[in-house]
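Structure first, then comments.
Each reported figure results from applying straightforward, stated rules to the coordinates on display, with no laboratory input. Keep in mind that what you see is a predicted model, and the values were worked out from it rather than measured.
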Amino acid sequence: MALSNQVFNEIARYGFENHTCSKVSVHRATYYSIREKHPELPCSILQGIRDVACESLKGLELKKCPASKPFSAIRYNKRVHRINLIKQNVSLSSVKGRVTATYSIPEYYRQYLNWEFKTSTLRYNRQKDTFYLHVVIHKLSPEPVGDKVLGIDRGIVNIAVTSNNRFSIVNLSRT
């Protein structure tokens, strides 16, 4: 996590000094120099750090240089780790190779185990001396059934009128 913070600060400093939060321009300017300095850092993690730094710069509107705090969270994408929601284990890429861990899922969230995994964030809580993996999952919304569309217009004389003219509130007690 210390290396992640150091790289974040280097990238954020470049973006702030050059007044850019464009991921493409920051990538072109910093990627190879950081890879030379830190060859042990997996490139997908570097890309995630760059994205977070650029998003931080954009959030601060380039008025202030963001600084990463010790033990800041690390964003992982699909290429950097494998997560098995059913078996409840994860394999994370790190500067020292792959790290595997098991985790627990609260009962309520078990209904989402068959959803598609997108990305996650690894966070460390110093007070509890515990790591937390925040997982982002996705499922396509079901296609709507039926071909009818109903529009509702709100007005002054008639409070609500539907597009098929079957519903109109004329007398409404005004409170």
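Residue by residue through segment 38-43, which ³J(HN,Hα) values in whole Hz follow from phi under the Karplus form 6.51 cos²θ - 1.76 cosθ + 1.60 (θ = phi - 60°), with glycine and proline marked x?
Running phi through 6.51 cos²θ - 1.76 cosθ + 1.60 with θ = phi - 60° gives 10, x, 6, 7, x, 5 Hz.
Amide H neighbours of Thr119 under 5 Å, at least 5 residues apart or on other chains, H built in the peptide plane: list them.
Val136
Once you have a ≥ b ≥ c as the square roots of the Cα gyration tensor eigenvalues for segment 74-138, tell me rounded if a/c is under 1.5, and otherwise prolate or oblate according to whether a/b is larger than b/c.
oblate
Filter Lys23/Lys63; Lys87/Lys118; Lys37/Lys64; Lys23/Lys58; Lys58/Lys96 down to the pairs with a C-alpha to C-alpha distance above 20 Å, please.
Over 20 Å Cα-Cα: Lys37/Lys64; Lys58/Lys96.
Could you name the lysines in cross-link range of Lys128, using Cα to Cα under 23 Å and dropping any fewer than eight places away on the same chain?
Filter leaves Lys69.
I'm spelling it out carefully: the read-out is mean projected area of the Cα convex hull in nm², the candidates are (1) 18.2; (2) 11.3; (3) 12.2, and one was derived from this structure. Which label?
Computed from the coordinates, mean projected area of the Cα convex hull in nm² corresponds to (1).
Only Cα pairs under 8 Å and at least 6 apart count here; give the relative contact order of the chain as a rounded whole percent.
This gives 16 percent for the chain.
Once you've got the GNM for the chain with C-alpha springs shorter than 10 Å, pick whichever of Arg13, Arg75, Arg126 has the biggest mean-square fluctuation.
Arg126
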